[in-house]
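Take a look at the structure set out below.
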Number of protein chains: 2
Amino acid sequence: MKLTTKESSTYSRSSDAHEDAKTETNEQKKMMVTARAQATFNSKSLTEIILGSKEAVAIQDDAFARLEKILGTSDTSRLPRCYSNMNHEEAFLEGLRAGKVTMEDSFKYRHDVFLYSTHLWALGNASPFGIHTFLFMPSLKQQSSPEQYKFWVPLAESGKILGAYCQTELGHGTHVGGIETTATFEMQTDEFIINTPTLSSTKFWPGALGFTCSHAIVMARLIVRGKDLGIHAFMVQVRSLVDYKPMKGIELGDIGMKMAYNGTDNGFAVFHKVRIPRTNMLSRYANLDQDGNYARVPLREKMLYGGMLNGRFIMIRHAAFQLAQALTIATRYSVVREQGHSPFTGEKTEMPIIQFKTQHYRLLVLISKAYANLFTWKALETSYKDMVERQAKGDHSTLPHNHILMCGLKAWSTETASNGAEDARKMCGGHGYLFISGLPEIVSSVTAMATFEGENWVMWQQVSLYLMKGLAAKDLPTAMSYMVDHRLCSNPLPCAARGSEFLSFNVLQSLFEHRAAQLTFEASELLTSSRTTLSKSAAWNKNMMTLIAAARAHVEKHVLCTFIDQVSSLPTSPIRDVLSKLVSLYGLTTLTSPTSADSISFFVHNHISPIQLSEIREQVDHLLEELLPDAIALTDAWNFTDASLCSAIGMRDGNAYERVMEWVRQLDINVNAEKAGGVFREGFENYIEPVLRAKL
Amino acid sequence: MKLTTKESSTYSRSSDAHEDAKTETNEQKKMMVTARAQATFNSKSLTEIILGSKEAVAIQDDAFARLEKILGTSDTSRLPRCYSNMNHEEAFLEGLRAGKVTMEDSFKYRHDVFLYSTHLWALGNASPFGIHTFLFMPSLKQQSSPEQYKFWVPLAESGKILGAYCQTELGHGTHVGGIETTATFEMQTDEFIINTPTLSSTKFWPGALGFTCSHAIVMARLIVRGKDLGIHAFMVQVRSLVDYKPMKGIELGDIGMKMAYNGTDNGFAVFHKVRIPRTNMLSRYANLDQDGNYARVPLREKMLYGGMLNGRFIMIRHAAFQLAQALTIATRYSVVREQGHSPFTGEKTEMPIIQFKTQHYRLLVLISKAYANLFTWKALETSYKDMVERQAKGDHSTLPHNHILMCGLKAWSTETASNGAEDARKMCGGHGYLFISGLPEIVSSVTAMATFEGENWVMWQQVSLYLMKGLAAKDLPTAMSYMVDHRLCSNPLPCAARGSEFLSFNVLQSLFEHRAAQLTFEASELLTSSRTTLSKSAAWNKNMMTLIAAARAHVEKHVLCTFIDQVSSLPTSPIRDVLSKLVSLYGLTTLTSPTSADSISFFVHNHISPIQLSEIREQVDHLLEELLPDAIALTDAWNFTDASLCSAIGMRDGNAYERVMEWVRQLDINVNAEKAGGVFREGFENYIEPVLRAKL
């Protein structure tokens, strides 16, 4: 008998779990053993698909084992340091400690495990050394001339210098064109003068800029003979390599605590006319000679742009992993947490809360989205690597398509992960609100991704722009060719599917294509009609919400189709069966979810009738029933270690309550109070006692 | 000329702002003066409506002035303490410091200003002394017998004892019935033995329980002669009033850092067979005599339930204020933050970002929701006070209706505020992610409200249950009588409104009623049909998502209708005109918003046609245009002081960038580093230097 939402109110044991569940006395651990045993597939085999190969799994497992040993996090009965009594400076110290170990392991064993697979030690924005590996080195490699490459890259690769990437300013975020920092060429000294001309041009936000980096790639306006030649990259040494004091004329500092990433010193920099040699302009694509002659390679922007996609490419995968982390914790806790009573009958049920429909629905739908994100990224990897190879040979033809994919998927994946992680946290009730659940840090990290590397609402508009340009072109771009079959007409053919036909991938694909096409045509018509009275940008501004709806629909269609392709290409197996159900669940709940964005658009024009809608809901129900026994295996498969989840309620063994109390008793505030006889002495003497003794 | 999204790309000045904007040299302050001057109404008059009267405004202003003077927060050029280098224990100390001042002011001047109007110093969950005033004292007053009242209440009111309210347990949250803590009567000693029988029954989460309270109202199962008589309230002294050490047999402690409210010591308690006198059972509604005879007043549950609604009642208002705080910050920053270029034309625009449609749309729609919440609460206040008076006279007839309103509005308002505050934060880009923006703390506080005092998904189901019972009753309850006109039929009359008729309150009301009725009937039919094969609770579980959709629609209908009533009853004035537009905006964007929950339900059955949908969008567009000049006044009107917003980017004068740098330079980490020559010494020596000098 399977874990079910139907009549049975308690877990029953499948035969292979019988032994463990029988000998285990801890109630929560018992429930976990039982739940895990119900899987219809081997979660370790799915891990190999997720990470790419058996070897990749081994590399990851080894790397985490080494890291956790050095950091001392493998004994999960001990309260993790990040939850003890840390202030701003101590959080940064802890970030440096973990970052150093992580970077050294990555360099020594030459792997990129820590780029994606954890939120705590990710060599990206979460680590002061992450910026060096994730942003500084790739930019350096991409933008250096051969001589510069030879000089700087070995220094960076051996950690002789530590870098930051310095683009955003106090008054200028996503929009590179707004940068005000100047790099003025002075011919007589053959130098650039890097300057912060206004308050709003203070460099602000770059990771590792506060105290960690010795060098920074500074994006600034190149000014030659009073002429603004646009934004270029300059290598600026910001600290002395001897004593690490800021170089003359440079003010550096930290910008304060953030919602997450407090292990990293996001910083600010003010440049007071700082001089650097002319040769410090990174000059692979543009060069200035000592006489002030400027030359750039053709298609410089395209090359730069191609390189900049790397950050988004990594983020899209990272979003899937972060969402999966939150879901792993929430699913495990939902399996061991019993909830009292039926709201309808009031009767005592003591069911694990995963069996309540709201929890069941929310968890499984989010699990389907995490997989949709992962498989979409896998296809993107192929397409992106192909583009990089082509660009190296001077072929930029696939850049626009990849650029748009990255924009759209960056927005979709980070929004999905951010909302999903927060919902996973809420599904854990009050305990999800405690730092020791691990969830606040995940939620706060992932929500940042919606803002940086291209704010999502700006990303959506890039996709809208592509769609509008595509419609205006003589031939539709390949990625839009599906729209031909769905031209707007006043009386379109309604969808003919019924009942379980809605599980068919063809039907799903056609529904998503239809809707994306309709919205795109509609947006285009609105734009055209607004243009009769408004300027180009005012017309755009007026119809922005519809344009974004079209972009979103196009991206959701892409995600669905790619998910279908990827899963369909797997060999027949129980894993493929389960993943196919996840495809259907993702598709159908995007159509009908009470929280999905703009699902109206599937239904206007009566393309789907009310009867079909209820049939769709019936199918969703069946899928949820079928997938429930696999919930634990589907989250186990992501292969997170207990130490990297860092969650008292989300560990593999399910032993949530004991671990919560174990950790809580180790908190400094409790340990210190115990030494003082159980009293928080300073608070009592200064604030509580005066209240008790006062005459109020 | 007004602030507009149309052709003009910069602010123009209205005549009365001319003076200020002319003499001001700071660019951001100038923009703020200009934006503020464009209001079509006097924001101070709206403040009086929001707070209830001119007197209420004066009381609030005075209270905040006293508080901020004592706390030293009135000089806004100084970095607020909460953003400096605080660890867990220091955050709690700061909470005690602020809490003491706040409670003393409330007691001395007898006002409830700090219950709602701030998130930082709210005398509720945000303050260790807040639990005493917000939960402990009301419970005490409600549940004490006259003798107990005379003994305990004066002690509590004069701060001679400090209380906590101890209900939730490690394994039991919202569901009171699950409580495991026991209070066993021992006749020979005339005592109760309070005991924690299992790990999962550890009291967990109560505010002030860690170190602040001396006494706790402990909810426990009354056991008499081996018989379980259900949950009752017991007064337990948990600390010595002499040295504040925990009483014998009681283990107390803090549960660790949370996403917010770290000024409060949410705690845990383990009771090892702790003895209290029999007379410590709070016995207004149930009594146990020394022979173990138990008696309860009739309708005990109803009385208790009525009293428990107070928490939700306060939260619903608090949600409106917290959302308004986030929006005040986001609106002000959006007015002074310029953004570079049009994504369509690439041309440089330097428009304040509030003029970009996405920002404009999101801000104004959320502003309409904050007002909808506020006015709905005002109506609730009348209905709630009436119920309390009736209950005192033994008339419980309005309890069910008020209970359901509280459930539904608690879920709606906290969900709206939580999602809205997070979106407001995202609208501030990267800076919204910094603690000094004030937004993370607001977002993290408000999101907690979705979980505590009744988890929202549970609250929705209470409403669903009411709706299903209502349909089954002989006569529809008054609150559901609107459904009569919208009985399900296979071919319902489509909505007849066109164009600007969608602004009509009657049309809006009818659309919301139609949808709520349809969903309710649909849910009821599904439930009936499931009952042919399933048990009551399994049928409920199966159809839970549809049941919740119905509940949500019913509550959204209630909010719309109440908002309409309240605004319509205001005297004719520019303020009423603006608020009326907000009503329409709230209504229409709930219908069509790309992010609103289940807006499909307005469109199934082709009740609204695609052409009407685009007409609705046109109307939304007009409303947004008309409301834009009032955006600042609509947020100013909530009357938040700069110190209570605690935001470097959201102060009244608009001087965002200067204040960010001013505060950032005062961070401990920067001040300390400066003393060390600009180096973060400990990090450099332990982690950075070893990397630089190592051979990697």
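Over chain A, calculate the relative contact order: mean separation of alpha carbon pairs under 8 Å at least 6 apart, over the residue count, as a percent. With pairs under 8 Å counted, the relative contact order is 16 percent. Residues whose amide H lies under 5 Å from that of residue A:169, counting only those 5 or more places away or on a different chain, are A:204; hydrogens are built 1.01 Å from N in the peptide plane.
The packing ranking, built from the mean of other Cβ atoms within 10 Å per residue, places the peptides B:352-360, A:644-652 in the order A:644-652, B:352-360, highest first.
Compute the label zone of residue B:141 within region B:36-57: residues whose backbone N is under 19 Å from the point 7 Å along Cα-to-Cβ. Within reach of a label on residue B:141: no residues. The value of relative contact order for region B:59-131, using C-alpha pairs under 8 Å at least six residues apart, is 29 percent. Comment: the Cα-to-Cβ extended label point of residue A:111, at 7 Å, lies 6.2 nm from its counterparts in the other copies, nearest first.
Express in whole angstrom the spacing between the alpha-carbon centres of region A:164-237 and region A:358-385. With region A:164-237 and region A:358-385 each reduced to a Cα centre, they are spaced 38 Å.
Before anything else, pin down the relative contact order of region B:133-297: Cα pairs under 8 Å, at least 6 apart, normalised by residue count, whole percent.
Reported as a whole number, the value is 25 percent.
Distance from the C-alpha centroid of region A:605-627 to that of region A:446-500: 24 Å, rounded to the whole angstrom.
Using the Cβ-Cβ distance between residue B:672 and residue A:496 with R0 = 60 Å, the FRET efficiency computed as 1/(1 + (r/R0)^6) comes to roughly 0.30.
Taking every residue in B:262-269 and counting other chain Cβ atoms within 10 Å of its Cβ, the average works out to 2. Remark: the protein assembly as shown is approximated by an ellipsoid whose semi-axes, taken from the C-alpha gyration tensor as √(5λ), come to 47, 38, 34 Å, largest first. Each Lys and Arg contributes +1 and each Asp and Glu -1, all at the Cβ; summed about the Cα centre of chain B, the dipole is approximately 1140 debye. Expressed to the nearest 5 percent, the antiparallel share of DSSP beta bridges inside chain A is 85 percent. Legend: mean number of C-beta atoms from other chains within 10 angstrom of residue C-beta atoms, peptide A:237-243, equals 2. The order of A:561, A:166, going from fewest to most other C-beta atoms within 10 Å of their C-beta, is A:561, A:166. Taken residue by residue and averaged, Cβ atoms of other chains lying within 10 Å of the Cβ of B:210-223 number 2.
Looking at region B:102-228, what % of its DSSP beta bridges pair antiparallel, to the nearest 5? Of those bridges, close to 55 percent are antiparallel. Each residue of region A:38-52 is assigned a 3J(HN,Hα), and the resulting list reads 7, 4, 8, 8, 8, 5, 5, 5, 5, 4, 5, 5, 4, 8, x Hz, derived from the Karplus form 6.51 cos²θ - 1.76 cosθ + 1.60 (θ = phi - 60°), x at Gly and Pro. Per-peptide packing, taken as the mean over residues of other Cβ atoms within 10 Å, places B:685-692, B:318-325 in the sequence B:318-325, B:685-692 from highest down.
Ordering A:338, A:662, A:389 by the number of other Cβ atoms within 10 Å of each residue's own Cβ, fewest first, gives A:389, A:662, A:338. Available extension along the chain between residue A:243 and residue A:392 is 49.6 nm, counting 0.36 nm per residue and deducting the alpha carbon span. Between copies, the label points of residue B:175, set 7 Å from Cα on the Cα→Cβ line, lie 5.3 nm apart, reported in increasing order to one decimal in nanometres. Couplings for region B:563-569, taken from phi via the Karplus curve 6.51 cos²θ - 1.76 cosθ + 1.60 with θ = phi - 60°, read 4, 4, 4, 5, 5, 5, 7 Hz in order; Gly and Pro are left as x.
The H on the amide N of residue A:286, modeled in the peptide plane, is under 5 Å from the matching H of A:297, each at least 5 residues off or on a different chain.
When the Cα positions of B:249, B:236, B:287 are compared along the charge dipole of region B:133-297, B:287 comes out farthest toward the positive end, with charges on each C-beta of Lys, Arg, Asp and Glu. What is region B:59-131 by shape, rounded, prolate or oblate, if you read a ≥ b ≥ c off the alpha carbon gyration tensor as root eigenvalues and call it rounded for a/c under 1.5, prolate for a/b larger than b/c, and oblate otherwise? Oblate, since a/c reaches 1.5 and b/c is not below a/b. Summing Cβ point charges (Lys, Arg +1; Asp, Glu -1) relative to the Cα centre of region A:259-409 gives a dipole of roughly 200 debye.
Sorted ascending by nearby beta carbons within 10 Å, beginning with the fewest, B:44, B:30 become B:44, B:30. When chain B is turned onto chain A, the axis of that turn runs closest to one Cβ of chain B, and that residue with its distance in whole Å is B:87, 2.
Label point of residue A:475 (7 Å along Cα→beta-carbon): distances to the other copies' equivalent points are 7.3 nm, sorted ascending.
For the peptides B:181-190, A:504-513, residues were scored by their other Cβ atoms within 10 Å and the scores averaged per peptide; the highest-first order is A:504-513, B:181-190. Can you check what the net charge comes to around residue B:76, using other residues whose Cβ is under 10 Å from the Cβ of residue B:76 (Lys, Arg +1; Asp, Glu -1)? For residues surrounding residue B:76, the net value is -2.
Given the rule -39500 (n - 2.57) for each run of at least 4 DSSP H residues, summed and divided by the residues of the protein assembly as shown, what is its mean residue ellipticity at 222 nm, to the nearest 500 deg cm²/dmol? My calculation for the protein assembly as shown gives -16000 deg cm²/dmol from helical runs alone. Shape class for chain A: oblate, because the ratio a/c of the largest to smallest gyration tensor axis (alpha-carbon atoms, square roots of eigenvalues) is 1.5 or more and b/c is at least a/b.
Here the protein assembly as shown is assigned +1 on the Cβ of each Lys and Arg and -1 on the Cβ of each Asp and Glu. Its dipole about the Cα centre then comes out at about 100 debye.
No value in this document is a laboratory result; all are computed from the given coordinates. Quick caveat: nothing in here was measured; it's all calculated off a predicted structure. Note that each Cβ is placed from the backbone with ideal geometry, even for glycine, and that neighbours are counted across all protein chains shown.
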